[in-house]
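In what follows, a single structure is set out as structure tokens and then discussed.
The values are calculated or read from the model by the stated rules, or taken from the named source; none is laboratory data. None of the values given here were measured: they were computed from a predicted structure. Here the Cβ is made from the backbone with ideal geometry for all residues, glycine too, and neighbour counts use every protein chain on show. Surface areas here come from the heavy atoms of the whole protein model, side chains and all, with no ligands, DNA or RNA. Shrake-Rupley method; radii C 1.70, N 1.55, O 1.52, S 1.80 Å.
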Amino acid sequence: MKKEIAFVFAALMVMSAAARAAEVNFDGAKSGGLDTFLDVAGIVADLAGDRPQPGHPGSHPPPPQHPGHPGGHQPPPPPPPQPWNPGHTQPNHPGGHPPPPPYNPGWDHNPPPPPQYHFGGYRDSCRTMEFNAQSPFSQTLDLLLEEYGEECQAPYYGGYQHCRPSSNYHKRKVTVNIGPRQLEAWETERLEVCMKGPKYVTVNTAGMLYDYAVTERNDDGLFRRATIFTLTPGAKKPAQPDAKELSVSFAGVTAAGDVRLVLKDNRADYFRGEKITITADGMNIPEINQGMPVDQVLNSFVKFNVTKAFDTAAAYELKLLDAPKPGKYVVTLKFFRSGPLSSGAEASTMETFEIR
């Protein structure tokens, strides 16, 4: 409002000055008054347009001419980029899809899914611990359990999986503590220890000579995976016979002219008071020549089978043949014991001897 009042006042003052100039110069100049009026009118027009005059403080040079744009006008600046809106179509992207992101070699646009592990099972890990009269009452061993399965990988989500065998291993320390008991010098106890799972260990006392009460304790700490078994002995089991208990001390022709076998009992002191039953089953190995008649071949064989029971003693004598026949002989010895210390089971061994 103030600007408009100032403009009207300035226009009136200019018109008044122009009129006076016209009067003064009307008679004395040809066209001085008209020129002055035109100049004043130009000033008023400039004031109306609020344009700074050349040479006037605050004035600006005219804008440069722009090629291809008559009148010197510059093209309008491009509009600022707008955020993508799924409901509207973007330029050059029909259907409203945003432009793809720039390729980054360090970033996979479609990463494959993580591999999948399929558990298959465990393969038992078993070892046998042996204890004799000289063994310590505590023994420790390490068991390694194999876990098997397969690892499957798909190239992309929903794709076909490619699988390969896979194995994992679980290690566990096993300690067996046995209470005091009495073992003979020749006796050996055998304890089978099996790891069936990462925290599952079993013991089999079938090969032990005593009946044991078994207790178990697992110790699973941050740096320790262990199982501790405590075996408390009860009654001793009936003894199982061992083929090494009997050995041949003599086999051949005696002064009486027959063939006898003398056996030494290496466990006589321990099994004293019991009975032992021995069987000797054997034959000779004849020399057979090509072209021998059949009856002669058959007569070349000599067989024997003798069974006899004895009270436990240091030695036992068995009569095998009444008449000796030279050659090599093979004999199978079987025996079992009867008594409070023995189980009644049978043991066997094979021996050879020669008659000249």
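Provide the solvent-accessible area of Lys171, counting protein heavy atoms only and rolling a 1.4 Å probe, rounded to the nearest 10 Å².
130 Å²
Report the full-extension gain for the segment Val330 to Glu147: residue separation times 0.36 nm, less the Cα-Cα distance, to one decimal in nm.
60.9 nm
Note down the magnitude of the dipole of the stretch 230-356 about its Cα centre, charges +1 on Lys and Arg C-beta and -1 on Asp and Glu C-beta and zero elsewhere, to the nearest 20 debye.
For this selection, approximately 320 debye.
Set the Förster radius R0 to 25 Å, insert the Cβ-Cβ distance between Ser338 and Leu183 as r into 1/(1 + (r/R0)^6), and round the FRET efficiency to 0.05.
Computed FRET efficiency for Ser338 and Leu183: 0.65.
Leaving ligands, DNA and RNA out of it, work out the accessible area of Thr188 with a 1.4 Å probe and give it in Å² to the nearest 10.
About 40 Å², rounded to the nearest 10.
Treat every Asp and Glu Cβ in the stretch 301-356 as -1 and every Lys and Arg Cβ as +1, leave all other atoms uncharged, and give the resulting dipole magnitude about the Cα centre to the nearest 20 debye.
The dipole of the stretch 301-356 has a size of about 200 debye.
Can you give me the distance in nm between label points at Ala213 and Ile355, each placed 7 Å from the Cα along the Cα-to-Cβ direction?
It is 5.9 nm.
Accessible area per residue, 1.4 Å probe, Å², for the stretch 191-340: what's the number?
Value returned for the stretch 191-340: 56 Å² of accessible area per residue.
Quick one: Cα centre-to-centre distance for the stretch 304-356 and the stretch 218-254, in angstrom?
Cα centroid to Cα centroid, the span is 26 Å.
For Ser166 and Lys275, calculate 0.36 nm times their separation in residues minus their Cα-Cα distance, and state this gained length in nm to one decimal.
33.4 nm
Give me Rg over Rh for the stretch 235-295, both radii from the alpha carbons and Rh done the Kirkwood way, two decimal places.
Taking Rg over the Kirkwood Rh, I get 1.18.
For a test of the definition: using alpha carbon positions, the gyration tensor, and the 1.5 limit on a/c, classify the stretch 129-200 as rounded, prolate or oblate.
Verdict is prolate for the stretch 129-200.
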